[in-house]
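**Q** Here you go, one structure.
The values are calculated or read from the model by the stated rules, or taken from the named source; none is laboratory data. Keep in mind the model is a prediction, meaning the values are calculated, not measured. Because the Cβ atoms are built from the backbone with ideal geometry, glycine has one as well, and the counts that use them run over all protein chains shown. Quick note on the areas: whole protein, heavy atoms, side chains included, nothing else; ligands and nucleic acids left out. Shrake-Rupley method; radii C 1.70, N 1.55, O 1.52, S 1.80 Å.
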Amino acid sequence: MFRFKQFTIQQDRTAMKVCTDSCLLGAYADVGVGGRLLDIGTGTGLLALMAAQRNPTARIDAVEVDKAAFEQATENAIASPFGERVEVVHTRIQLFSAEPYDRILSNPPFYTNHLRSPDSAVNRALHNDELPFDALITSVRRLLKPDGQFWVLLPPFEIERLVTLAQTAGLYPFRQLAIRHHDRKPVFRTITGFVLTGTPALQTEELSIFEPNGRTYTGSFRQLLQAFYLIF
């Protein structure tokens, strides 16, 4: 269980647990005002509920292929203050059909050549066999409004691959946050926003989670997660 200020995430039946980088995506991505949002591969429902808290009039769909995760995300949404605005759907995004969205968020699986777990749910959550990057981009392109935004969390090498595929499909990065454990460590995750209009100049930022001592949260991290974390 992970308690936030306005909702609680139960995660005992899901392979992907709440993690800091996912919380950063939920807090950093532009979720707009009103409109319709889509969370691809919602897992516990974390991103959908963070988006619902930040955008109090949005309608949010959250797609999840794993049955146990779908059930738990549904329970988390119902138990939250946002249950009437969040619908969790049990399907593959490649088969999902809906009217286009103003915002699409995703923390997708990205491992391709790593050792497998004996747990099939863990493999589904971590390895991109069921949602390869080309399928993700095709789905985003199909489901995003012409003036919408797509936000994704990936490691540095994987985001380079995704950007190449995205640009081929007419999706262009316009904003990117590079995340470090602290400023003496390399970037380990990136949050990138994409749009369909033109080829915008890419705005880049960096965020360190900890001060150089590796124990104290930075002011920037505290500010970004202040609305969510109980400790801030």
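**Q** Would you call residue 145 open to solvent by 80 Å² or more (accessible area, probe 1.4 Å) and modelled with pLDDT of 95 or more?
**A** no
**Q** Just one of 27, 73, 48, 52 is at pLDDT 95 or above, small (Gly, Ala, Ser), part of a helix (DSSP H, G or I) and over 21 Å from residue 143 (Cβ atoms); which is it?
**A** Matching residue, one of 27, 73, 48, 52: 27.
**Q** Kindly indicate the residue of segment 92-107 that is in contact with a Leu (Cβ under 6 Å, 6 or more places away or on another chain) and part of a strand (DSSP E or B) and also farthest from residue 23 (Cα to Cα) among those meeting that condition.
**A** Checked segment 92-107; the qualifying residue farthest from residue 23 (Cα to Cα) is 101.
**Q** Name the residues in segment 76-91 that are in a helix (DSSP H, G or I) and of a type in the set (S, T, N, Q), would you?
**A** Matches in segment 76-91: 76 only.
**Q** Continuing with this model, one more query. Give me the residue from segment 90-128 that is open to solvent by 90 Å² or more (accessible area, probe 1.4 Å) and over 18 Å from the mean Cα position of the chain (by Cα) and, out of that set, modelled with the lowest pLDDT.
**A** 116
**Q** Give the number of residues within segment 155-171 that are open to solvent by less than 40 Å² (accessible area, probe 1.4 Å) and touching a helix residue (DSSP H, G or I) at 6+ places or on another chain (Cβ under 6 Å).
**A** Here the count works out to 3.
**Q** Residue by residue through segment 206-232, note down the ones that are closer than 19 Å to residue 107 by Cα and either charged (D, E, K, R) or surrounded by fewer than 12 Cβ atoms within 10 Å (Cβ to Cβ) (or both).
**A** The answer is 206, and nothing else.
**Q** If you check residue 202 against the conditions, is it without any contact (Cβ under 8 Å) to a residue 40 or more places away in the chain, within 26 Å of residue 61 (Cβ to Cβ) and surrounded by fewer than 18 Cβ atoms within 10 Å (Cβ to Cβ)?
**A** no
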